[in-house]
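First comes the structure, then the notes that go with it.
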Amino acid sequence: MVLSASLLYGLCGAALIGLGLYGFVVHRRLIRRVLAFNVIGSGIFLLFGAAAYRDPVAGSDPVPQAMIITGIVVALSATALALALIVAHARLARSDALPEDDRSGDPDEGRP
């Protein structure tokens, strides 16, 4: 089996999506979740770019390339907004992680 460039890029994009999903589910800290979400987005961009590739003579379709570039700009803006919200949350809650969701004990346990 011969791997073409578009198939290799598609497999790398799928691997990035899987790694990002794993990181998003496993990590509790908000900054790591934002980074994992960015890895998912990068995998989607790579997968979409690989799907847009037609053949060596014609190259790739310019419309998906334009959408990928626009998506990168939007992802950068969303990341800046998410980091600003994390900083505001960290200042108010004095924590950069989400609270534990432990429903086995008393709901008022640990409150002043």
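Where a number appears in this text, it was derived from the coordinates with a stated rule and is not lab data. Note that this is a predicted model, so its numbers are computed, not measured. Don't worry about glycine lacking a Cβ; one is built from the backbone with ideal geometry, like all the others, and counts go over all protein chains shown.
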Next item on the list: Treat the count of other C-beta atoms within 10 Å as a stand-in for reagent exposure and order L21, L30 from fewest to most.
Entry: L21, L30
Item checked: Farthest positive-ward along the chain dipole, Cα basis, beta-carbon charges - from H27, A14, V74 -> V74
Margin query: Can you compute the charge dipole magnitude of the chain about its Cα centre, using +1 on each Lys and Arg Cβ and -1 on each Asp and Glu Cβ, nothing else charged? Give it in debye, rounded to the nearest 20.
Written below: 260
Next item on the list: Could you list which residues have their amide H under 5 Å from that of S60, counting only those 5 or more apart in sequence or on another chain, with H placed in the peptide plane?
Entry: R54
Notebook entry, point to check: Okay, helix-only estimate at 222 nm for the chain: each DSSP H run of n ≥ 4 adds -39500 (n - 2.57), divide by all residues, round to 500 deg cm²/dmol; what do you get?
Noted result: -24500 deg cm²/dmol
Note to self: Strictly greater than 18 Å: what percent of every Cα pair in the chain meets that?
What the structure shows: 64
